[in-house]
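I have placed the structure first, in the form of structure tokens, so that the comments after it can refer back to it.
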Amino acid sequence: MVLNAVKFPAMILFKTITSLQKELEKLRSPNLKIGFVPTMGALHAGHLSLIKESKKNFDVTVCSIFINPTQFNDKKDFEKYPVTIENDIYLLETNKTDILFLPSVDEIYKDGLKQLQHFNLGYLENILEGKYRPGHFQGVCNVIYRLLNFIQPNTIFLGRKDYQQYLVLKTMMRQFFPGVNILAVDIQREESGLAMSSRNMRLSEDARIKGACIYQSLQFTQQNISAVSFDKLKAQATETLLQNGFDKIDYIEICDAETLLSLKSIEKNKKLIVLVAAFIEGVRLIDNVLIN
Ligand code: AMP
């Protein structure tokens, strides 16, 4: 139950760190719980599920919208990233978000984009997403590190859709923000099963329909995990995606859900995760399912 819920007449939007911090300092008290939802905008029901989770138990919900240039290894992907700020503000307001932080690139990277901090993320930085998007997780950590320092929330809300990002941030935060909790929220899907993503806006109607076969392949893998070899399951999933209009597959992997290390077969007491990254109409989609 939210005990100290601050009654904001309407969402307040801040563009500068100074103004945001001034407001947060006014509100801060030992009992006041701040929930933080970082996003890159082009909001959909997946993002809103994080806001709703925060609203359930936190007195103040802060959402940030910032398309972080340092996490894009592909310049074209950055340039094409959808921007729907008016609709985002409308969605956040109707979902009773208290504070929106909407900074510029200069505000976040005061010393420029080249002066980045290096985080020790171990092997997690170089496998799966890290292998195909070099530098991506350093960029993610740089922005979240800065945002956490500015906002100092009690809890950060992250989606399991970006599962590796969640583990990477857990690693970074264990070192730098041990007092901040991480709450992971389940993947929200379209009715077809396609995982909601801002990048789906770039897909044609046809690709949105075909894109759902990622989830079907994940479910097939999940259902047959103990009956069929991992190699066969991955080959089957690859074939399904390619037959359904996907142009390229970065990876389909079955991993230990705690370490993200690839597995060859079921291991006792290990929670598994199946992860996919694949392109359709040139748009890179990622998805995963957890298997207990
Ligand atoms: P993004 O704007 O893509 O950086 O995502 C912001 C946050 O929303 C991240 O923690 C994502 O994992 C989460 N998110 C994105 N898509 C979904 C989804 N379909 N379901 C749940 N969370 C999501």
Fill in the blank from the handout: Distance in Å, no decimals, from the C-alpha centre of the stretch 180-213 to the one of the stretch 100-121 is 27 Å
Handout entry: Loop GluC sites (Glu not before Pro), the stretch 171-238, which have at most 12 other Cβ atoms in a 10 Å radius of their Cβ (DSSP)
Key = Glu191
Problem - Length-normalised contact order for the chain - Cα pairs under 8 Å, 6+ apart - percent - result: 16 percent
Practice task
Would you mind checking which residues have amide H under 5 Å from Gly193's amide H? H placed 1.01 Å from N; only 5 or more apart, or other chain.
Solution key: none
Completion exercise
Taking Cα pairs closer than 8 Å and at least 6 residues apart, the relative contact order of the stretch 198-291 in percent is 31 percent
Problem - Compactness index (Cα Rg / 2.2 N^0.38 Å), the chain - result: 1.02
Exercise for the section: Quick one: work out the % antiparallel among DSSP beta bridges in the chain, nearest 5. Expected result: 50 percent
Handout entry: Karplus 3J(HN,Hα) series, Hz, for the stretch 104-113 with 6.51 cos²θ - 1.76 cosθ + 1.60 (x for Gly, Pro)
Key = 8, 4, 5, 5, 7, 10, 4, 9, x, 7
Practice task
For Met201 and Asn120, compute 0.36 nm times the residue count separating them, minus their Cα-Cα distance, and round to one decimal in nm.
Solution key: 25.8 nm
Exercise for the section: Based on the mean of other Cβ atoms within 10 Å per residue, sort peptides 168-178, 154-164 so the most packed one is first. Expected result: 154-164, 168-178
Practice task
Name the residues whose placed amide hydrogens come within less than 5 Å of the amide hydrogen of Gly159, ignoring near sequence neighbours (fewer than 5 apart) on the same chain.
Solution key: Val185
Problem - Accessible solvent surface per residue of the chain, calculated while the other protein chains remain in place, 1.4 angstrom probe, Å² - result: 49 Å²
Completion exercise
Surrounding charge for Arg189, neighbours by C-beta under 10 angstrom, Lys/Arg +1, Asp/Glu -1, total -3
Practice task
With unit charges on the beta carbon (Lys/Arg positive, Asp/Glu negative), name the residue among Val228, Ser19, Phe101 whose Cα is farthest towards the positive pole of the charge dipole of the chain.
Solution key: Ser19
Handout entry: Distance (nanometres) between label positions extended 7 Å along Cα→Cβ at Glu267 and Lys26
Key = 5.3 nm
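The values are calculated or read from the model by the stated rules, or taken from the named source; none is laboratory data. These figures come from a predicted structure and were not determined experimentally. Note that each Cβ is placed from the backbone with ideal geometry, even for glycine, and that neighbours are counted across all protein chains shown. Surface areas here come from the heavy atoms of the whole protein model, side chains and all, with no ligands, DNA or RNA. Shrake-Rupley method; radii C 1.70, N 1.55, O 1.52, S 1.80 Å.
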